[in-house]
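The block underneath contains the structure these notes are about, expressed in structure tokens.
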Amino acid sequence: MFERLEEIVLNGEKFLSDAECPEVFLWFPMEKDYVGPAMMNETVEQKTDRLLKLAKKIRSQLRRITSGLDATGEERLLEYLELRNVSEELNGLLAECNEEKTANFDKAKRTVTEVNTSLQGKYFKIRSISIT
């Protein structure tokens, strides 16, 4: 990969003007959909808010998986398995928030319980998927 970079530097290749530069697509998710990483000095209230956002995001992904309109069976299965791993993170975050209960803690606990129940398959079923 970097062999070409060395060649570019040695040959002095560069764009003469900004018009010659290829367009670069810079994308960042909408703020309402973005759940960033934890801050170093995150308060319990901030953890609870992040927990709620993560749980709602997982719940919407579960709805998208069950509808099956925009993904193949294999993609849906892989996303479902990934969500099961993320649910472990949710449970750990819920345990951290349990130390000091905030106003949103009960709502967060209900949401995480609903997500866990859905992921365990009590209300969530992936229709038969054939992977060839």
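The values are calculated or read from the model by the stated rules, or taken from the named source; none is laboratory data. Just so it is clear, the model here is predicted, and its values are computed rather than measured. Virtual Cβ from ideal backbone geometry, glycine too; neighbours counted across all protein chains shown.
A few remarks follow.
- Residue pairs whose Cβ atoms lie under 7 Å apart, separated by 6 or more positions or on different chains, with the first residue in the stretch 73-98 and touching a residue at least 24 places away in the same chain (Cβ under 8 Å) and the second of a type in the set (Ser, Thr, Tyr) and surrounded by fewer than 15 Cβ atoms within 10 Å (Cβ to Cβ), are 73/130.
- Test for residue 67: is it loosely packed, with under 15 Cβ neighbours inside 10 Å and either closer than 27 Å to residue 104 by Cβ or touching a residue at least 40 places away in the same chain (Cβ under 8 Å) (or both): no
- If you go through the stretch 85-115 and keep only what is modelled with pLDDT of 85 or more and among the basic types (Lys, Arg), you end up with 107, 109, 110.
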